[in-house]
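The values are calculated or read from the model by the stated rules, or taken from the named source; none is laboratory data. Computed from a prediction, not measured in an experiment: that's the story for all the values here. Cβ placement follows ideal geometry from the backbone for every residue including glycine, while neighbour counts extend to all protein chains displayed. These area figures cover heavy atoms from the full protein model, side chains too; ligands, DNA and RNA do not enter into them. Shrake-Rupley method; radii C 1.70, N 1.55, O 1.52, S 1.80 Å.
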Amino acid sequence: MATSKRCNVSSENLTVNDVKTPKIDINSKVDLIIQSKKHANDVFDVLEYLQSEKEKNVVCAINGCTKLFSTLLERGDLYVGQLPKEELLIGGDRSADEKYCMFIRHRYNGCLELLLEHISHESYQIKESALCALMQFASMEGKFPLQDLDWSEHYSFPRELIQAVVERLLSQEEDMAVLISRFQEYLDMVDVRYYVMSSVRENVGRVMDKTKGAVMPIYQNNVFTLLSNINMPSQESELTNYLVKQEAKHEDWKAAKLKEHKRAFERLWLGFLKYKLPSSMYKKVLVILHDSILPHISNPTVMIDFLTAAYDVGGAISLLALNGLFVLIHQHNLDYPDFYKKLYSLLEPSVFHVKYRARFFHLANLFLSSTHLPVYLVAAFAKRLSRLALTAPPAALLMVLPFICNLIRRHPACRVLIHQPSAADEACDDPYLMEEEDPSQCHALESSLWELQTLQKHYHPDVAKAAMAINKPLSQQEDDISELLELSTYELMERDLKHKQSKTVPLEFDPATQLLQGSVGVLGLNFSLE
């Protein structure tokens, strides 16, 4: 693209126009250029306003350029084909009309360059206006192509312009999340979505290879924001909204085929996830993985490497990674024998104090819901949770104790942990190995849940009451723990404070009816009103 040439306007004149009415000046020049070719040089004045330091002037210039070049594109006043260098227009035997079309095409290219620069402008209004103008030009170029068409692949879609827009959105220095959310309107268009996915994949490969796979938080966050705004269709009938409607061979166009969309989507995500991500981004990806990514990938088991790497990060990310692995095991027959061993290793004292506690136990309840799990495995989880419960806060205990009881309900063979025959009055060693990472080697079935009996003497009455549930035969109906998952210490205290007393507390045996009760009371013996 050729840069715009500054001529026909001085900095002093620009200042005067700036002070007066730049909007009227821009609109009048745009109208003159559209009306007559003899005013073609006024385009420099309009482009000069695009470089103004005043936000209002730039926005007016963007709107003026959008109107000007959209009209000229529709009218066919832009040169079509390989554009010669502007220096070659002076000589040669080209006609005046042809030179005019080349001149306007160079000015159009200069306008596009300035608009692309404005996507990184500090003013959001200018950014948004520039983005909308570029997409308007993309739509017009689709209808009135400026290049020779490649009918075998890209048809009349302005792929290069979309690539340039994507490159600016995926900035390496600035967070573009707000502008990308504005761009989502265009991502809902079938052809834009297809070519954006291809452009992002190429951009990620080029940038990450250049940095040798080093973590780039700002850039990778921009890429993820753009990817997470892509809503994939599930049926061919949903491919109806296009930025550029192809008149010929529409059914053969790759952008119009759901299979090609899924292929581009899969290649895009796999290309992005193969590089090391910032720690905070693993969590963002894993949260949307099973709902927004896996359903659109032909072979979801290819995500195993990413999920394994995510598990090694630790903390909440490990849990979310296990959730993705569980989906692959449950729905796609993935063979992953260490799944429950890794889940077991996540049960640590800190799990009761982190902000993702509710999600952890919700997923753990889901993972342990099958009645076909080995008895030793369920017993290991029940015993480990019981041991951890000894130091857990009351709010967590009110959720963990019903959780343990539900495990025993699902697996009656684990009742031996409650009714373990032993000398009740004699102290004995617990055979359970808390430090053992393998649930099959921790000897949980040889132990008992004596921790629950200990918690029956807990200082909080609700915890003591919940621990006493094992003193009676457990019912078949499981306890609903969904309302207890997010119970906090503050909510627990508020509940206790609002608890109404069933009986009134006596404060005085003989209620007082007057200040001095004759000579009987203590006050009456020592004081008088006279």
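Quick rundown of the values:
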| item | result |
| --- | --- |
| Ordering of 338-345, 189-196 by burial proxy (mean other Cβ atoms within 10 Å per residue, highest first) | 189-196, 338-345 |
| Probe 1.4 Å, protein heavy atoms only - accessible area per residue of the chain in square angstrom | 53 |
| Separation of alpha-carbon centers, the stretch 279-306 and the stretch 35-112, rounded to whole Å | 46 |
| Ranked by how many other beta carbons lie within 10 Å on average, peptides 321-327, 237-243 from highest | 321-327, 237-243 |
| All aspartates and glutamates inside 18 Å of residue 498 as judged from Cα atoms, apart from same-chain residues fewer than 8 positions distant | 462 |
| Dipole magnitude of the stretch 255-323 about its Cα centre (Cβ charges: Lys, Arg +1; Asp, Glu -1), debye to nearest 20 | 260 |
| Ranked order, 182, 105, 263 - accessible area, probe 1.4 Å, largest first | 263, 182, 105 |
| Label assignment, Rg and Dmax of the Cα atoms in Å derived from the structure, set (1) 35.9, 131; (2) 23.4, 71; (3) 21.6, 70 | (1) |
| Electrostatic dipole magnitude of the chain [Cβ: Lys, Arg +1; Asp, Glu -1; Cα centre; debye, to 20] | 640 |
| Dipole of the chain, positive direction: furthest Cα of 372, 497, 402, with charges on the beta-carbon | 372 |
| Reachable lysines, given that their alpha-carbon falls under 17 Å from the alpha-carbon of residue 127 and they are not under 8 places away in the same chain | 54, 56 |
| Highest-first arrangement of 380-392, 429-441, where packing means the average Cβ count within 10 Å | 380-392, 429-441 |
| CD proxy at 222 nm, helix term only [per DSSP H run n ≥ 4: -39500 (n - 2.57); per residue of the chain; nearest 500] | -16500 deg cm²/dmol |
| Accessible surface of the stretch 92-212, 1.4 Å probe, proportion on carbon and sulfur as whole % | 44 |
| Reach of residue 85 by Cα under 24 Å, taken over lysines that are not fewer than 8 positions away in the same chain | 5, 37, 38, 99 |
| Label point distance in nm, residue 37-residue 75, each placed 7 Å from Cα along Cα→Cβ | 1.1 |
